1. Between the stretch 323-370 and the stretch 36-93, what is the separation of their alpha carbon centroids in Å?
2. Taking a probe of 1.4 angstrom, what is the accessible area of HIS350 in Å², to the nearest 10?
3. Step through the table entries LYS17/LYS159; LYS13/LYS333; LYS125/LYS333, compare each Cα-Cα distance with 30 Å, and write down the pairs that go over it.
4. With all protein chains present and a 1.4 Å probe, how do TRP396, TRP40, TRP25, TRP3 order by accessible area, largest first?
5. Check cross-link reach from LYS82 to the lysines: straight Cα distance under 22 Å, and skip same-chain residues fewer than eight apart.
6. Given a 1.4 angstrom probe, what's the average accessible area per residue across the stretch 266-403, in square angstrom?
7. Could you state the principal axis extents of the C-alpha atoms in the chain, from the largest down, to the nearest angstrom?
8. Tell me, what is the FRET efficiency for HIS350 and ALA21 to the nearest 0.05, using R0 = 30 angstrom and their Cβ-Cβ distance as r?
Amino acid sequence: MIWYPYEQMKTMKAPYKIIDAQGVWLKTEEREMIDSVSSWWSVIHGYKHPALNEAIKSQTDRFAHVMLGGLTHEPVQRLSQKLQSFLPGDLNYCFFSDSGSVAVEVGLKMALQYFVNRGDLKRTKVLSLTHAYHGDTFKTMEVGDDEDYHFILEAYGEKKDVIHIPTEIPALEEAFEKYHQVLNCFIVEPLLQGAGGMRMYDISFLRRARELCDQYGVLLIFDEVATGFGRTGNRFVADLVLPDILILGKALTGGYIGHAVTVANTKVYDGFYGDDPAQALMHGPTFMGNALACSVALASIEVFEREDYMSRIRRIEEITRREMADFTDPRIKEVRIMGGCVCVEVYDAHTLKGYQQFAYERGVFSRPFLQYLYAMVPYIISEEELVQVLNTMKEWFAGHRLP
């Protein structure tokens, strides 16, 4: 029996069974529907993209996987070289893993060991944001701040090694003044906090964070697992403010295979480089640098560049702002739009009960959570298809009048 994610198995609604997919469309036995959430924000090129399919097939004919312990191969070498030229600044050193959560764990481990290697054993604390979500493994839950996902940690009592602050510059400055001597890193989902409620904030906060990290010698980590590859309207938020460690996943492989990368700058890498084996990064996921994943990631980046996806994303935002302009309802708290993301936050989560089936019947797959109705569409979506997604959102409120 399948144990499904984020579900009470006794009461869960039966999931829609997908039998085929093409472009932005998912197909069940009964109907086709637009995937408005890109399979948890990863399938940026849509389904069955010919270039990505060919990359997988071609690599399979050679070999699917070999470990990186004592071995290497051309796809992982080429992807590392591509990321080195593709990413900003001196984010040059790629540590691969098999999921975004593990990649965040690696980044947090790098930050802690960076200071341990220097003999600084006081810097054991992490600064993070309120409403943060960085994954569901244990350290990522600890730096997260979402009781709906991470309530199990209450069994351990109060967090001792993580400080949470809102996305407000005074709170940021106060935290650095008070805790800078014990902080090893500040980790953020830059500009857009995804699972914590599609919360959006200003770049000025991150610019000030970079200044304070430089002033106090704290490492800055950007978790761009969800925000990378254009979702905020920027290629990467790291193009605007340069972190010391950048974490990518989800769209890295175009949503084809689980894979992620933790990319360190020269300063961090040099903190591990030397003659002492004890200062090496002792981490090694079995499927890190998987050849299939690296091959499809290369193809995904090439398509992203060749087909000018940033223009596509700007068009998606433009259409979304046009269609959602002046859209209001007394049940709606706020409509937020950034790049390839739109979120309708309601006051009461009960307002959205039944929306998923409503959307399904109108040819749209959606997965609202809590009080958030959102869309993060594949970048290949047509204007007509995007308008269908947005109209379905609006029709829900028009067809479900206030009592």
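1. If we compute the Cα centre of each part, the gap is 33 Å.
2. Here the residue's solvent-accessible area equals roughly 120 Å².
3. Distance filter (> 30 Å) returns LYS17/LYS159; LYS125/LYS333.
4. Largest accessible area first, the residues go TRP3, TRP40, TRP25, TRP396.
5. LYS57, LYS250, LYS267
6. 47 Å²
7. The Cα atoms of the chain stretch 66, 54, 44 Å along the principal axes, largest first.
8. My answer for the efficiency is 0.45.
The values are calculated or read from the model by the stated rules, or taken from the named source; none is laboratory data. Bear in mind the structure is a predicted one, so any value in this text is a computation, not a measurement. Note that we place each Cβ from the backbone using ideal geometry, even for glycine, and neighbour counts take in every protein chain shown. What goes into the accessible areas is simple: the full protein's heavy atoms, side chains included, and nothing from ligands, DNA or RNA. Shrake-Rupley method; radii C 1.70, N 1.55, O 1.52, S 1.80 Å.
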